[in-house]
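*Asks:* I have a structure here, written as structure tokens, and I will follow up with some questions on it.
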């Protein structure tokens, strides 16, 4: 059934459809409506879950860890400071191989206080062992939550579904909310191979000496890499059941493009409009929407970018002293290629500043006119 | 002790990693004997993170989940919820934390769990300092005690935090103190905790030979003396208001308890008198609370 709903409520519906058993959450703008709606769903009996109203995001993640370790499907949602507070336990969930799913609404970090969108909060968690998926629409948010549970449980790793504050979280769009039956067919009940069980007592997370620790980390890496195999077949199955197609990396009019603009999140949809206009003007430009950030789809990125001369990366995030984080990842994916394009890194839209079609055009035209980047970071729309 | 009341099955195995004379191991042994094998233990960082043994071994015959330092209350809440959603409401969830994980870094998540009245047992085995990292002061360290961060010339200047009062302030169904010096009482309290719905908090004094600086064969004697000197009274509080004192102390002078432990060897006569005065005051205070009537609402 199609309904016009906000991005945050798309998450709530997905969590309900996933028959999530334990929700633990703490309010933070712009995430709060996800868990408010889940609270209602629990109260009205539409979702049969235990909702733990914790006293912090740190405890929210600890509860999810405990619940998943006991063998139940667990979910939480947060943003910005909340995700930063969870940091220690993000490592814990991944290290304990627990497929917790988290909806993360991108919001800039303080100080100064800012509730608007920026990706630095989630990208700063890139080394925690979490899978990360970035969304461009409310429909994609709902679908990505279901896919995240499925993939996370298959590889025993936690997953984060990430989207822009306000541009999606509070924006109403038409969303096809699936019926329960096809969702049940796509996402069977969570049945981990090991869990906390009094009939089969085991110790989890014991003191681990150098003799064993490294192999455990190697297994996490192997499981993470396995997502490259699991995700395409999962997307395929999802497409068969629900009629919507997804890919880890989505090229847009990349055929014969000399210059490709790489983006993520809602900027990707704005970028497509600009690319369309520039193509009409005869410019050989294409776009690349990066949906999956961890594991990084390096091979797909190389395939998409391998033949173009230039890549412009628009980052709504910053790693101080190095630049945009997607730009770094792209450079790292391309650095061993014999014919690699020049990579231009742009920073725009920090702290929720609008990224307009005009600013995207400025990015493309700047990269187009230069032979090589003049500096590591080009700032777009910076007031002087 | 009435041996008939003891669970036959030993759930703590030999070969664990504890120091000789460790009060924390004795505490776990009695707790699990009382709770039985239908129990899941959540252990945030503390001595027991090591005592339980390294991968791939475990010194416990029940499931164990090792949790982050400050998450005892929250992780146990999650385990409880996860089990309940699978209909396993009869499984005991025991959060087992040291004083650091309870009084200090874990206080927030403990308070959260307790305020929600989660159906868990939270036990703090209190050895009165960060013993696992090598004897640094915690807020459970007593007044004037030596630790490596409160050296003799700068011994602890503030009294031990009254964790029981903090828990009582949350109005939970059951708060109790217990001691490894009185195992029948300790086990009875865990058996009682099993039957009460809601949060149960049990504060156990667990003397530590290397940290308190006494010879390891004296652990039980030190624990018993703490109660008999009124330093660590043995009592229960029901629903945050109804106090029951379980042990009448012999009323021995605190000096006798302090003299057994090297961590107090630097104390002056005057400091010992000050400690005695505080202990006497606190005991009187407890007696008053135990004599109060249970709260009852009477309409006009």
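Each reported figure results from applying straightforward, stated rules to the coordinates on display, with no laboratory input. Source: prediction; values computed, not measured. Cβ: placed from backbone, ideal geometry, glycine included. Neighbour counts: every protein chain shown.
*Asks:* With contacts defined as alpha carbon pairs under 8 Å and 6 or more residues apart, what's the relative contact order of region B:27-97 in percent?
*Replies:* 43 percent
*Asks:* Which order do A:58, A:228, B:288 fall in if you start with the one that has the fewest other Cβ atoms within 10 Å? Don't skip to the end; give the middle numbers.
*Replies:* Numbers: A:58 23, A:228 16, B:288 10.
By the 10 Å Cβ count, ascending: B:288, A:228, A:58.
*Asks:* Here's something else I'd like to know. Using the Cα gyration tensor of region A:108-160, with a ≥ b ≥ c the square roots of its eigenvalues, what is the shape: rounded (a/c below 1.5), prolate (a/b larger than b/c) or oblate (neither)?
*Replies:* oblate
*Asks:* When only Cα pairs under 8 Å and 6 or more residues apart are kept, what is the percent relative contact order across region A:249-379? Before the final figure, lay out each step's value.
*Replies:* Details: 232 pairs, mean separation 34.2, N = 131.
In percent, rounded to a whole number, it is 26.
*Asks:* Follow-up question, since we're still on this one. Against the longest alpha carbon principal axis of chain A, how many degrees, from 0 to 90 and to the nearest 10, is the axis of helix A:357-369 turned?
*Replies:* 60 degrees
*Asks:* To continue, here is another question. How are the C-alpha pair distances of region A:249-379 spread across 10 Å bins, as whole percents from the shortest bin up?
*Replies:* 13, 50, 33, 3
*Asks:* Based on DSSP H runs of at least 4 residues, each adding -39500 (n - 2.57), what is the mean residue ellipticity at 222 nm of the protein assembly as shown after dividing by all its residues, to the nearest 500 deg cm²/dmol? Could the numbers behind the result be given before it?
*Replies:* Details: 22 runs with 261 residues, N = 684.
That comes out to -12000 deg cm²/dmol.
*Asks:* Quick check: residue separation of residue A:236 and residue A:215 times 0.36 nm, minus the Cα distance between them. What number comes out in nm?
*Replies:* Extra length from residue A:236 to residue A:215 when fully extended: 4.4 nm.
*Asks:* Beyond 45 Å, how much of the Cα-Cα pair distribution for the protein assembly as shown remains, as a whole percent?
*Replies:* In whole percent, the share of Cα-Cα pairs in the protein assembly as shown beyond 45 Å is 31.
*Asks:* For an R0 of 30 angstrom, estimate the FRET efficiency from the Cβ-Cβ distance between residue A:228 and residue A:173 and round to the nearest 0.05. List each step's numbers first, then the result.
*Replies:* Numbers: r = 30 Å, r/R0 = 0.99.
After rounding to 0.05, the efficiency reads 0.50.
*Asks:* If you average the alpha carbon positions of region B:225-300 and of region B:23-58, how far apart do those two centres end up, in angstrom?
*Replies:* A separation of 28 Å, based on Cα centres.
*Asks:* In whole angstrom, note down how far apart the Cα centers of region A:47-87 and region B:119-168 are.
*Replies:* About 30 Å separates the Cα centre of region A:47-87 from the one of region B:119-168.
*Asks:* Given a 10 angstrom Cα cut-off, can you work out which residue in A:54, A:161, A:100 is the most mobile in a GNM of chain A?
*Replies:* In the Gaussian network model the winner is A:54.
*Asks:* Please work out how much length the chain gains when fully extended from residue A:319 to residue A:245, using 0.36 nm per residue of separation minus the C-alpha to C-alpha distance, in nm with one decimal.
*Replies:* That works out to 23.4 nm of additional length.
*Asks:* Moving on. So if R0 is 45 Å, what FRET efficiency would residue B:297 and residue A:110 give, r being the distance between their Cβ atoms, rounded to the nearest 0.05?
*Replies:* 0.50
*Asks:* Counting just the Cα atoms, what span does region B:115-244 cover along each of its three principal axes? Round to the nearest Å and put the largest first.
*Replies:* 46, 29, 26
*Asks:* A further question follows. Length gain on complete extension for the stretch residue B:269 to residue B:197, per 0.36 nm per residue less the alpha carbon to alpha carbon distance?
*Replies:* 21.2 nm
*Asks:* Here is a further query. So for region B:58-135, considering every pair of alpha-carbon atoms, how many percent are separated by more than 17 Å?
*Replies:* Counting pairs separated by more than 17 Å, the tail of P(r) holds 46 percent.
*Asks:* Right, here's the next one. Once both labels are modelled 7 Å past Cα along the beta-carbon direction, what's the residue A:40-residue B:241 spacing in nm?
*Replies:* Inter-label distance under the simple model: 3.8 nm.
*Asks:* Also, quick follow-up: To the nearest 10 degrees, how steeply does helix A:138-155 sit against the main Cα axis of chain A, on a 0 to 90 scale?
*Replies:* Long axis of A:138-155 versus the principal axis of chain A: about 60 degrees.
*Asks:* Quick check: from the Cα gyration tensor, does region B:1-154 come out rounded (a/c under 1.5), prolate or oblate? Could the numbers behind the result be given before it?
*Replies:* Values: a/c = 1.90, a/b = 1.32, b/c = 1.44.
Verdict is oblate for region B:1-154.
*Asks:* Which three extents, in angstrom, do the Cα atoms of chain A have along their principal axes, listed largest first?
*Replies:* Principal extents (largest minus smallest coordinate, Cα): 67, 53, 45 Å.
*Asks:* What distance in nm separates the simple spin-label points at residue B:149 and residue B:278, each placed 7 Å from Cα in the Cβ direction?
*Replies:* 1.8 nm
*Asks:* Please identify, among A:319, A:156, A:268, the residue showing maximal mean-square fluctuation in a Gaussian network model of chain A using a 10 angstrom Cα cutoff.
*Replies:* A:319
*Asks:* Oh, and also: To the nearest µm²/s, what D does Stokes-Einstein give for region B:3-291 at 20 °C and 1.002 mPa s, using the Kirkwood radius over alpha carbon pairs as Rh?
*Replies:* Value of D from the Cα-based Kirkwood radius: 113 µm²/s.
*Asks:* Beyond 17 Å, how much of the Cα-Cα pair distribution for region A:1-64 remains, as a whole percent?
*Replies:* Value for region A:1-64 (Cα pairs over 17 Å): 38 percent.
*Asks:* Then there is this: Please arrange A:213, A:26 by how many other C-beta atoms lie within 10 Å of their C-beta, fewest to most. Could the numbers behind the result be given before it?
*Replies:* Working: A:213 12, A:26 24.
Ordered by Cβ neighbours within 10 Å, fewest first: A:213, A:26.
*Asks:* Is region A:288-328 rounded, prolate or oblate when judged by the Cα gyration tensor, a ≥ b ≥ c being the square roots of its eigenvalues, rounded requiring a/c under 1.5 and prolate requiring a/b larger than b/c?
*Replies:* oblate
*Asks:* What residues from region A:223-262 fall in the zone where the backbone N is under 14 Å from a label point 7 Å along the Cα-to-C-beta line of residue A:370?
*Replies:* Of the residues in region A:223-262, none has backbone N under 14 Å from the label point off residue A:370.
*Asks:* Follow-up. Under a point spin-label approximation (7 Å from Cα along Cα-to-Cβ), what is the residue A:253-residue A:342 distance to one decimal in nm?
*Replies:* According to this spin-label approximation, the distance is 2.2 nm.
*Asks:* Taking just the alpha carbons, could you work out the radius of gyration and Dmax for region A:1-158, both in angstroms?
*Replies:* When restricted to the Cα atoms of region A:1-158, Rg and Dmax are 14.2, 42 Å.
*Asks:* Taking chain A as a Gaussian network, Cα atoms linked when under 10 Å apart, which of A:370, A:305, A:334 shows the biggest mean-square fluctuation?
*Replies:* Top of the fluctuation ranking is A:370.
*Asks:* Would you order A:254, A:135 from fewest to most other beta-carbon atoms within 10 Å of each residue's own beta-carbon?
*Replies:* Arranged by neighbour count, lowest to highest, A:254, A:135 become A:254, A:135.
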